[in-house]
1. Quick check for you: which residues of segment 133-177 have the amide N under 17 Å from the point 7 Å beyond the Cα of A47 toward its beta carbon?
2. Which Cα, out of A174, V159, F87, lies furthest along the positive dipole direction of the chain (beta carbon charges, K/R +1, D/E -1)?
3. Counting each DSSP H run of 4 or more residues in the chain as -39500 (n - 2.57), what helix-only mean residue ellipticity at 222 nm follows after dividing by all residues, to the nearest 500 deg cm²/dmol?
4. Could you please state how large a percent of the accessible area of the chain is carbon and sulfur, counting protein chains only and using a 1.4 Å probe?
5. Pop out the Kirkwood hydrodynamic radius of segment 1-133 from its pairwise C-alpha distances, inverse of mean 1/r, in Å to one decimal.
6. For segment 110-161, go through all pairs of different Cα atoms, get the mean of 1/r, take its inverse, and jot down that Kirkwood value in Å.
7. Whole number in Å², please: accessible area per residue of the chain, 1.4 Å probe, ligands, DNA and RNA not counted.
8. Order the peptides 49-57, 84-92, 139-147 from the highest to the lowest mean number of other Cβ atoms within 10 Å of their residues.
Amino acid sequence: MPKLSFWFVTNKNQRRYGAAVLAGICGGSVASFVKWGTELTFPPRVAGRAIPPAEMLSDWGFAVQNLTYTFSEHVLNWGISGVHYAFSIAFALFYCVVAEVLPAIKIWQGIAFGLLITLLFHGALLPTFDWAPPIWLLPIDELLSETFGHVIWIWTIEVFRRDLRNRWTNVPDAEIT
């Protein structure tokens, strides 16, 4: 395959948006559990500090403590989980659709995109709204947890994107054909 420039745009006839959307939903759904799993193994915050999705929901007027359900005698917060799940699917959809047009988003199997998301959220968005401290004040454990989590999260989405697109359309990625 010839080397492509960063701004290479695919041929419109080679794009498969329907497959991209479905792959984004499937990959984003599974990747949300992958990200959650990394946070269970490597907690991203020091004990006692508020979870950014809870802060967001509170700022938007939701009573976060009431957004719960019980499963197997465990009380779980569907509001916080829902924010993570929605985030994962929304960004997976964006990633998969953009990959049909601009293959550069897939650099390092999506890992560059995952690192960018980490920087944008933890370096700009969360501190701007006071949902988390600025990135330079975060403990190294949090930076490592969030970075690792986002890398594994987007890589999972890329694996789903590539496999499902190729499986459903019987053609390789748009820049390859």
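1. Correct set: 141-142.
2. Positive-most Cα among the choices belongs to A174.
3. -19000 deg cm²/dmol
4. Carbon and sulfur atoms account for 69 percent of the accessible area of the chain.
5. 17.0
6. 11.3
7. Here the residues of the chain average 57 Å² of exposed surface.
8. With the highest mean Cβ count within 10 Å placed first, the list reads 84-92, 49-57, 139-147.
The values are calculated or read from the model by the stated rules, or taken from the named source; none is laboratory data. The structure displayed is predicted, hence computed values, not measured ones. Virtual Cβ from ideal backbone geometry, glycine too; neighbours counted across all protein chains shown. When the accessible area is computed, the model is the full protein with side chains, heavy atoms only, and any ligands, DNA or RNA have been set aside. Shrake-Rupley method; radii C 1.70, N 1.55, O 1.52, S 1.80 Å.
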